[in-house]
């Protein structure tokens, strides 16, 4: 599935791989209490909180940005044929949903010039590679893959201590194929696309600013996962590498986005996933765009 946005001089395609009730909110956000969840249930249901299961609804998706210069894939979702035993809905997946979404946007894997991963978690690197005769090879044959150098160093160090499946099958093969470029998290690709450091969820997580001056839209990555974190920016999720930094990053980002009114294209908010943030007490409200 794909949907298309026109943003200034850019065309942005959402390539949706999965959208479903994903996780228990109290487990996913350890600082969230049942009382606070109940206070917010009326506005979260049914889009962000599934009434039937009580789970947070997540969308797992990529964004493809077409600029006057390049076609750029931001975050490559889950992928197929990957050993993801802890998550049955991702384990050895073999569906064609993501590829059909790419094709519905009028694109093939050969059309992608750059792949950017906001960070190197499992659901943001999966389609980096595909299985070919028992080997993991780059899915996008003409693309350069842009990884934060600091992010890559952190996760390969962790992988050396305790193997991490997505690093082994979706990141290291890109480097071995000599398709990776290592950048800083404030890198500018061209006059329409540059990165914004947003650390906390991972050590060198970045968001992606779109448009001249970065004012047309922002692809947030995982600096925020659910609308409840906009209402309460200090609520960090369970696998943030630095929860305090993540909360500081989130509040600063949301304050700036609220002031500027910039369109924010989130990684995991339920459809339509693109929102503008406005003030709401000491936090922020999400207005679907």
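Remarks
- Filtered residues of region 1-18 (kept if surrounded by fewer than 17 Cβ atoms within 10 Å (Cβ to Cβ) and in a strand (DSSP E or B)): 4, 6, 7, 11
- Single residue of 228, 224 found to be over 16 Å from the mean Cα position of the chain (by Cα) and within 13 Å of residue 269 (Cβ to Cβ): 228
- Only a single criterion out of (1) surrounded by fewer than 22 Cβ atoms within 10 Å (Cβ to Cβ); (2) in contact (Cβ under 8 Å) with a residue 40 or more places away in the chain is not satisfied by residue 214, namely (2).
- Boolean, residue 150 is outside any helix (DSSP H, G or I), surrounded by fewer than 20 Cβ atoms within 10 Å (Cβ to Cβ) and under 20 Å from the mean Cα position of the chain (by Cα): no
- When we screen 209, 235 for residues that are buried (at least 19 other Cβ atoms within 10 Å of the Cβ), free of Cβ contacts under 8 Å to residues at least 40 places away in the same chain and closer than 23 Å to residue 283 by Cα, the only hit is 209.
- In summary, strands (runs of 3 or more DSSP E) completely within region 30-143 and bearing 2 or more residues that are in contact (Cβ under 8 Å) with a residue 24 or more places away in the chain and more than 30 Å from residue 187 (Cα to Cα) occur at 56-66.
- A Cβ distance below 6 Å, combined with a sequence gap of six or more or placement on separate chains, defines the contacts here; from region 157-170, residues that are touching a residue at least 24 places away in the same chain (Cβ under 8 Å) reach residues that are assigned to a helix (DSSP H, G or I) and surrounded by 14 or more Cβ atoms within 10 Å (Cβ to Cβ) in the pairs 166/122; 167/155; 167/159; 170/126; 170/128.
Taken together, the values in this text are just the output of simple stated rules run on the coordinates, not laboratory data. In this text, all values refer to a predicted model and were calculated from it rather than measured experimentally. Neighbour counts are summed over all protein chains in view; Cβ atoms, including those assigned to glycine, are modelled from backbone coordinates with ideal geometry.
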